[in-house]
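First up is the structure itself, then whatever we jot down about it.
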Amino acid sequence: MLQVLASAWALLLGMGLLMIGNGLQGTLLGVRGEIEGFSTLEMSFVMSAYFVGFLGGSRLAPEMIRRVGHVRVFAALASFISAVMIMYPMLTDPIAWSLGRVLIGFCFSGVYVTAESWLNNAASNENRGQALSLYMIVQMIGIVSAQALILVGDPAGYETFVIASILVSISFAPILLSISPTPAFDTTKPMTLKQLMETSPLGCVGMFLLGGVFSAQFGMAAVYGARAGLTLVEISTFVATFYIGALLLQYPLGWFSDRMDRRVLILLVSVVGGAAALVGMLFGMTFAVLLAAAFVIGGMSNPLYSLLIAYTNDYLEYEDMAAASGGLIFINGLGAIAGPLITGWLMGDAVFGPSGYFLFIAALLFAMAAYALYRMTQRAHVPVDETAALAPLYPTASPVALEVAQEIAIEAAQDDEEAETPA
């Protein structure tokens, strides 16, 4: 771990600052939208727009990097991110915000692709898994830290938006000044969705449903808090609690994943997360209960991303794992785009009001549990000693991080096979 820090501290520092800016703008828009009188439906389009851009960026950024190189792509996209954050308080219109969110989602996706390819290049075969884990931890810490910064300024003014823009601008320096060799860049041609669905129906359905759950957390949690009448301190604490749960429960669930039928674990985790969402819907008027529900939902749903990828790998040949990455990200992205739109409709005054937020999350997680139970009746599970290793990932990962995780899983499986082969 110390070796990873020594070789990639500047990259990790820069990405941490970027994630603070990203986490801050998402929460800030949810609060500012309420101040500006935007409807829940309008805010749902604003929040969904980020995932439209993110999905587009994950498909187009690799080609941009091949054409002009990592450094130019990173600098250009990060500059756009900083500019859009300044634009938000100047153009307080849902259409302008939606267009800005498409652009900022596209840019963040491209930045992740660039940074993760640099990180992969800086790591060795021996510490690549540690590097990826540390990178994901830095991302979560960045998002959690961002929630405290929202209290620094008045969300009705400019100050907090300026802070977010400054953080993003500063983040360029440690990365661009420390990167020396430009890494070789290549991505694998994705497996077709039909092939992926035939290989792992639960992996595909689960990733789609999980995209909706994650986008509700990342995009609509602050909107829920504002609609429910929470104070600014309560909103920032509520949003942060989702990611604290994700950070603390990722590794315990990963430990169980390597020691039991993953379909059973997917079923249990989904049920627990769905039950927590129902508790939040029914008893969320008590703030302590609201935080407990957010902690459990975040702690159950975010590790599901790694779990579903590992489960899909169990039914893939080594040479197909990297190819499956692009398809899984695309399916997850489609769910993420739909998530805020459906959540916003459910949260409308004419439907369920703010409680529709938790109802949506509960419905998706229970649907995943039900489908996992159904799939258990369709084919036998892969024996535990033959399953692929789980690499910790969060839904913020780009195709590069997912391919690196797949490489780690392949190397771990191959090492196990060599260890079991008689000399």
**Request:** Take the alpha-carbon centre of segment 219-249, take the same for segment 134-161, and report the distance between them in whole Å.
**Result:** 12
**Asked** Among all stretches of the chain without exposed GluC sites (Glu not before Pro) (DSSP loop, at most 13 other Cβ atoms within 10 Å), which one is longest?
**Response** 127-316
**Fill in**
Here the equivalent ellipsoid of segment 169-328, derived from its Cα gyration tensor, has semi-axes (largest first, whole Å) of 31, 24, 14
**Fill in**
Whole-Hz Karplus couplings 3J(HN,Hα) for segment 264-279, θ = phi - 60° and coefficients 6.51, -1.76, 1.60, Gly and Pro as x, run 5, 5, 4, 4, 5, 4, 5, 5, 5, x, x, 5, 4, 5, 5, 4
**Complete:** Applied in sequence order to segment 220-237, the curve 6.51 cos²θ - 1.76 cosθ + 1.60 (Karplus, θ = phi - 60°) yields integer Hz couplings, x standing for Gly and Pro, of 10, 4, 5, 5, 4, x, 5, 5, 7, x, 6, 6, 4, 4, 5, 5, 5, 5
**Item:** Convex hull volume per residue in cubic angstrom - Cα atoms of segment 278-328
**Value:** 82
**Request:** Quote the relative contact order of the chain in percent (integer), defining contacts as alpha-carbon pairs under 8 Å separated by 6+ residues.
**Result:** 25
**Asked** What longest range of the chain stays clear of loop-exposed trypsin sites (Lys or Arg not before Pro) (DSSP non-H/G/I/E/B, at most 16 other C-beta within 10 angstrom)?
**Response** 1-258
**Prompt:** Can you run phi through the Karplus equation (6.51, -1.76, 1.60; θ = phi - 60°) for segment 325-341 and list ³J(HN,Hα) in whole Hz, with x for Gly and Pro?
**Reply:** 4, x, x, 5, 5, 5, 5, 4, x, 4, x, 5, 5, 6, x, x, 5
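Since every read-out is calculated from the coordinates, none of them should be taken as a lab result. Here the structure is a predicted model, which means the values were calculated and not measured. Every residue, glycine as well, gets a Cβ built from its backbone with ideal geometry; the counts of neighbours run over all protein chains shown.
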